[in-house]
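What follows is a short report on a single structure.
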Ligand SMILES: Nc1ncnc2c1ncn2[C@@H]1O[C@H](COP(=O)(O)OP(=O)(O)OP(=O)(O)O)[C@@H](O)[C@H]1O
Ligand SMILES: [Mg+2]
């Protein structure tokens, strides 16, 4: 096994409900993703998949446990450092693409670079255009998200996630909003990026067929990971 | 140099919320325009009023000490009997020394000894009670520029020549070349030849002032070699009171500045200024609240986008700056437009509202200092107004934004 890009050790997450009651949503998650792996995260609705992804994406902090990204510890560091770590290491793809409606496709893809105050606009533009052609949308660069189909929007979101060449991409139901055909295309695209660029993927999906095509599968039930084998046998039944 | 992230987002977000942006821009523009317009209008009108008042009036007048006050100090018994002696004209003691003192006082630009007193003028059957003003033209015209007001003839009072107002000339039925007879209270008589008519924009003075040279007036008014008052002009109008008090302390004479003799006017003007300041403060508050409320709404609307930006690595400080910039943009753009609008309003007003004689009540000019001040204040107010919404945006939890 190569160097881990992500290590979770006994990660717990509780939410306060009202003022006094706390519910634990994740109960001690242990997970290690090796660099360059292609991973699926499945589980019933409400099992905590999005919560786990948001923790890994450093969008929120675990209640307890250790979370290491690309060898960086994430406990006891400031919000600004978290933001920096996130920007450098993680690309997001969400179910509802979440493109910025005021910007065209090219600008949306470039946005992570714009946020990080790129120094060479020409290089950034060229890179963004090459990403757009990689996701098959070279000609649509000037279009606003509202002028594009759901599948196209998701492709742009993937291109955007790739913009800063992050080692890890987190996708929360990237195909959840698409028809089977479009979903398959998006899945293939991600697989291809994983194979050609060695970027690690962690994909939340409800689609067991797609999950089956992943290298590693993690199954979350009621906030706890079950063994992939159980999952596999469960799938067989 | 690429447009920075904050600028790009600030401008795009503003363009996206077109309606809101235009409305608040209109609000800021209107607010700035009102403030500048009112301030400029009031400053100019106040300036015009003061100019008018002072154009026919000395800034400081030195008179002999009232005798009554001296007597009061002498005895208590007689004080009950005192009446001002008013009737007989008195001269200022050692007035040449006072003139010298005034000339040597910094801040005083003109000193004019005057012999003035009530007389009757007669022409044929018409007779009027007027004020004879005996002056030294070179000095006096530095205080009241009579040359400017001449409508007929010239301002020349050598010998037995006189210059009177247009209204008096009409009342007496006289014009240039005519002779009028002056009779004093002591029944001294003197004929004067009219060589000029003036119109000083003041009907009362046009009827009352009859000029002669100082020498002649001294004789007629029975104060040979004396002067009844000394008129002064100062460099800084609003220093007049202070200078008058200083001279009063030095000479013990009865000295009054225009600021005291027109205290009612000055009071009114300062009340006007206070009102204007109040209006300004309220407009600033309203504009600030307008900007703040638009941005609060905008932050809520952009919640999701802010969450995505944060997920992509945007720092809290960057998000904060996006909205502060929007406030600054509203302030700066609004003040620029507001300044133009106020200039337009001033031009319009200066064309519509004129003084009764048709001259401009005020000119449509903008004080650049005021404009710069307004721009800076508007920008700062914009930023301050944006502070609360911007902090709210920066503090927003990206997860909540994305989940919702
Ligand atoms: N901010 C929060 N406060 C309280 N409870 C929360 C919060 N966020 C998530 N939860 C709860 O945590 C649990 C896990 O939610 P999560 O969204 O992670 O599930 P999921 O597996 O992604 O579900 P789905 O497949 O429907 O997207 C749910 O019971 C949810 O109600
Ligand atoms: Mg979810």
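The values are calculated or read from the model by the stated rules, or taken from the named source; none is laboratory data. Just so it is clear, the structure is predicted and the values come from calculations on it, not from any experiment. Counting neighbours? That spans all protein chains shown, and the Cβs are built from the backbone with ideal geometry, glycine included.
All of (1) closer than 22 Å to residue A:194 by Cα; (2) over 17 Å from the mean Cα position of the chain (by Cα); (3) within 14 Å of chain B (Cβ to nearest Cβ); (4) part of a loop (DSSP other than H, G, I, E, B) hold for residue A:2 with one exception: (3).
Here is the figure for region A:128-147: residues that are away from every other protein chain (no Cβ under 14 Å) and either touching a residue at least 60 places away in the same chain (Cβ under 8 Å) or within 22 Å of the chain's Cα centre (by Cα) (or both) total 9. Of the helices (runs of 4 or more DSSP H) lying entirely inside region B:299-396, those containing at least 3 residues that are within 22 Å of residue B:289 (Cα to Cα) and under 42 Å from the mean Cα position of the chain (by Cα) span B:316-352, B:368-395.
For region A:178-196, enumerate the residues that are closer than 14 Å to residue A:91 by Cα and surrounded by fewer than 22 Cβ atoms within 10 Å (Cβ to Cβ). Scanning region A:178-196 gives A:193, A:194. Of all residues in region B:110-132, those being exposed (fewer than 14 other Cβ atoms within 10 Å of the Cβ) and in contact (Cβ under 8 Å) with a residue 40 or more places away in the chain number 2. Every listed requirement among (1) farther than 22 Å from residue B:16 by Cβ; (2) touching a helix residue (DSSP H, G or I) at 6+ places or on another chain (Cβ under 7 Å) is met by residue B:302 save one, (1).
Residue pairs whose Cβ atoms lie under 8 Å apart, sitting 6 or more positions apart in sequence or on different chains, and linking a residue in region A:6-25 that is within 14 Å of chain B (Cβ to nearest Cβ) to a partner that is more than 16 Å from ligand 2 (Cβ to nearest atom) and assigned to a strand (DSSP E or B), are A:13/A:24; A:15/A:22; A:15/A:23; A:16/A:22; A:25/A:14. For region A:36-62, the set of residues classified as more than 16 Å from residue A:73 (Cα to Cα) and either away from chain B (no Cβ under 14 Å) or more than 16 Å from ligand 2 (Cβ to nearest atom) (or both) consists of A:36, A:37, A:38, A:39, A:40, A:41, A:42, A:43, A:44, A:47, listed by residue number. Scanning region A:38-66 for residues being surrounded by fewer than 21 Cβ atoms within 10 Å (Cβ to Cβ), assigned to a loop (DSSP other than H, G, I, E, B) and more than 10 Å from ligand 1 (Cβ to nearest atom) gives a total of 2. Within 16 Å of ligand 2 (Cβ to nearest atom) and within 14 Å of chain A (Cβ to nearest Cβ) - does that describe any residue in region B:311-318? Checked region B:311-318: at least one residue is within 16 Å of ligand 2 (Cβ to nearest atom) and within 14 Å of chain A (Cβ to nearest Cβ).
Check whether at least one residue in region A:21-30 is more than 10 Å from ligand 1 (Cβ to nearest atom), part of a strand (DSSP E or B) and under 29 Å from residue A:193 (Cβ atoms), and report yes or no.
yes
Taken as a whole, the condition of being away from ligand 1 (no atom under 13 Å from the Cβ), buried (at least 20 other Cβ atoms within 10 Å of the Cβ) and either within 13 Å of chain B (Cβ to nearest Cβ) or over 24 Å from residue B:304 (Cα atoms) (or both) applies to residue A:33. Cβ separations smaller than 8 Å between residues 6+ apart or across chains give no pair from region B:260-289 residues that are more than 19 Å from residue B:241 (Cβ to Cβ) to residues that are surrounded by fewer than 11 Cβ atoms within 10 Å (Cβ to Cβ). Residues in region A:1-20 that are within 15 Å of ligand 1 (Cβ to nearest atom) and surrounded by fewer than 19 Cβ atoms within 10 Å (Cβ to Cβ): A:12, A:14, A:15, A:16, A:17, A:18, A:19, A:20.
So, in region A:67-89, of the ones that are assigned to a strand (DSSP E or B) and within 17 Å of the chain's Cα centre (by Cα), which residue ends up farthest from ligand 2 (Cβ to nearest atom)? Outline the logic, then answer.
Keep residues of region A:67-89 that are assigned to a strand (DSSP E or B), which gives A:67-69, A:72-73.
Next, only the ones that are within 17 Å of the chain's Cα centre (by Cα) stay: A:67-69.
Details: A:67: 19, A:68: 23, A:69: 21 Å.
Ranking the candidates gives A:68 first.
Scanning region A:103-118 for residues that are out of contact with any strand residue (DSSP E or B) (no Cβ under 8 Å at 6 or more places or on another chain), at the interface with chain B (Cβ under 8 Å from one of its Cβ atoms) and over 14 Å from residue B:7 (Cα atoms) turns up just one, A:118. Go through the residues of region A:186-199 one by one and say whether even a single one is at pLDDT 90 or above and in contact with a helix residue (DSSP H, G or I) (Cβ under 7 Å, 6 or more places away or on another chain). There is at least one residue in region A:186-199 that is at pLDDT 90 or above and in contact with a helix residue (DSSP H, G or I) (Cβ under 7 Å, 6 or more places away or on another chain). Restricting B:339, B:402, B:383 to residues that are within 14 Å of chain A (Cβ to nearest Cβ), in contact (Cβ under 8 Å) with a residue 24 or more places away in the chain and either within 18 Å of residue B:21 (Cα to Cα) or surrounded by 14 or more Cβ atoms within 10 Å (Cβ to Cβ) (or both) narrows the list to B:402.
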